[in-house]
């Protein structure tokens, strides 16, 4: 049974978020609000939790998972980023964008793409989620909360709790989120002089990035 934490979106109660962090550290999966739709998150270094996350979402190891980072400096620890890529990242973060980048050695092989050795990374602009990441002390592994067999993400914490209460350890309710997922942009072609490739158009505005 999932524990339900109701927090203020801009000034979340630290004690409640600490309880959610403790559940994540014990291998639990949490549903968390973001600046796009809700996401499922787990501890990066817990293989059983990562496998459980994939089962809930209904995806295999070829589906890009995303690291939610507190800031660009943390993101750069987990990805290989050149100057051109960094300038684009700086213009887009924090915000509702996910970037596909070459994973660094800090990323466990089991969570990067098996053939490309890439990982999705983003810095969300949501105060409750940022507070959770700060209390956790590092990035969380995430995927958009789209139930198995569905195509649209869930955006209401009560709906998430009623549908997934037996599969989650925690649901953090900071009010309804947008129904749109992030915009996903593959930056790896830039390494060889190519242009960024838009994988998915979501909430993030491409024009703001000059794309």
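The values are calculated or read from the model by the stated rules, or taken from the named source; none is laboratory data. Every value quoted in this text rests on a predicted model; they were computed, and no experiment measured them. Every residue, glycine among them, receives a Cβ derived from its backbone with ideal geometry; neighbour counts consider all protein chains shown.
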- line: Of those in region 106-117 that are crowded, with 20+ Cβ neighbours inside 10 Å and touching a helix residue (DSSP H, G or I) at 6+ places or on another chain (Cβ under 8 Å), the residue farthest from residue 36 (Cα to Cα) is 107
query: Out of region 75-93, which residues are touching a helix residue (DSSP H, G or I) at 6+ places or on another chain (Cβ under 8 Å) and crowded, with 17+ Cβ neighbours inside 10 Å?
result: 75, 76, 81, 85, 88, 89, 92, 93
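Per-residue answers, yes or no, for (1) under 14 Å from the mean Cα position of the chain (by Cα); (2) under 15 Å from residue 46 (Cβ atoms); (3) in a loop (DSSP other than H, G, I, E, B):
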residue	(1), (2), (3)
107	no, yes, yes
121	yes, no, no
124	yes, no, yes
129	yes, no, no
135	no, no, no
141	yes, yes, no
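Yes or no, residue by residue, for (1) touching a residue at least 24 places away in the same chain (Cβ under 8 Å); (2) in a helix (DSSP H, G or I); (3) under 21 Å from residue 157 (Cα atoms); (4) out of contact with any strand residue (DSSP E or B) (no Cβ under 7 Å at 6 or more places or on another chain):
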| position | (1), (2), (3), (4) |
| --- | --- |
| 12 | yes, no, yes, yes |
| 21 | yes, yes, yes, yes |
| 37 | yes, no, yes, no |
| 73 | no, yes, no, yes |
| 76 | no, yes, no, yes |
- request: Go through (1) within 25 Å of residue 113 (Cα to Cα); (2) surrounded by 22 or more Cβ atoms within 10 Å (Cβ to Cβ) and name the single condition residue 193 misses.
  value: (2)
task: Sort out which residues of region 7-32 are surrounded by 14 or more Cβ atoms within 10 Å (Cβ to Cβ) and more than 15 Å from residue 135 (Cβ to Cβ), and write them in order of number.
output: 9, 27, 29, 31
message: I'd like to know if region 127-139 contains one or more residues that are surrounded by 14 or more Cβ atoms within 10 Å (Cβ to Cβ), closer than 24 Å to residue 82 by Cβ and in contact (Cβ under 8 Å) with a residue 40 or more places away in the chain.
response: yes
Residue that is modelled with the lowest pLDDT [pool: residues in region 39-68 that are touching a strand residue (DSSP E or B) at 6+ places or on another chain (Cβ under 6 Å) and assigned to a loop (DSSP other than H, G, I, E, B)]: 64
statement: Restricting attention to region 155-181, the residues that are surrounded by fewer than 23 Cβ atoms within 10 Å (Cβ to Cβ) and in a loop (DSSP other than H, G, I, E, B) number exactly 11
Residues (at pLDDT 90 or above, over 13 Å from residue 95 (Cβ atoms) and outside any strand (DSSP E or B)) located in region 196-210: 196, 201
- prompt: Mind checking whether some residue in region 53-63 is over 12 Å from the mean Cα position of the chain (by Cα) and more than 27 Å from residue 163 (Cα to Cα)?
  reply: no
